[in-house]
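A.B. asks: Next up is a structure, given as structure tokens.
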């Protein structure tokens, strides 16, 4: 048998060379439809899980930043009232904490049961100015003092 000629190949070789046999399609394959349904449901589930993972990542980041904030040194305590240990200063701060609003020197002298003389009011005003210079009180407008 001479195999050099193309038409001289055995019959079996000719069938393989022509490719796999073709079968007539009778309709959509149920396996393909089921596989596509599975792919769609798994894609949706993957999207849900990705979103949950992103939420967990954000929550973790938030918790870590809160933990770092807790470890950070807190605000320093209020500076001691060095030089303000006189009972008048303590009484002034007590009156401010009880009223919770703004006061003028005259109103404060009245609340402290001090004489309403010009000298008495001026002494209270001087103490208020001293407390303002240390940042313990603020003067919102001339002569009107309040706690920050």
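The values are calculated or read from the model by the stated rules, or taken from the named source; none is laboratory data. Small disclaimer: the values here were computed from a predicted structure and weren't measured. Every residue, glycine as well, gets a Cβ built from its backbone with ideal geometry; the counts of neighbours run over all protein chains shown.
A.B. asks: Out of segment 115-142, which residues are touching a helix residue (DSSP H, G or I) at 6+ places or on another chain (Cβ under 7 Å) and loosely packed, with under 15 Cβ neighbours inside 10 Å?
C.D. replies: Of everything in segment 115-142, those that are touching a helix residue (DSSP H, G or I) at 6+ places or on another chain (Cβ under 7 Å) and loosely packed, with under 15 Cβ neighbours inside 10 Å turn out to be 116, 138.
A.B. asks: In segment 136-148, which residues are over 16 Å from residue 94 (Cα atoms) and part of a loop (DSSP other than H, G, I, E, B)?
C.D. replies: 142, 143
To keep it simple, each residue is scored yes or no on (1) surrounded by 10 or more Cβ atoms within 10 Å (Cβ to Cβ); (2) at pLDDT 55 or above; (3) on the phi > 0 side of the Ramachandran plot; (4) not in a loop (DSSP other than H, G, I, E, B).
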| position | (1), (2), (3), (4) |
| --- | --- |
| 7 | no, yes, no, yes |
| 20 | no, yes, no, no |
| 23 | no, yes, no, no |
| 33 | yes, yes, no, yes |
| 38 | yes, yes, no, yes |
| 60 | yes, yes, no, yes |
| 63 | yes, yes, no, yes |
| 68 | no, yes, no, yes |
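A.B. asks: Further, regarding this structure: Is one or more of the residues making up segment 114-131 farther than 16 Å from residue 86 by Cβ, touching a strand residue (DSSP E or B) at 6+ places or on another chain (Cβ under 9 Å), in a helix (DSSP H, G or I) and touching a residue at least 12 places away in the same chain (Cβ under 8 Å)?
C.D. replies: no
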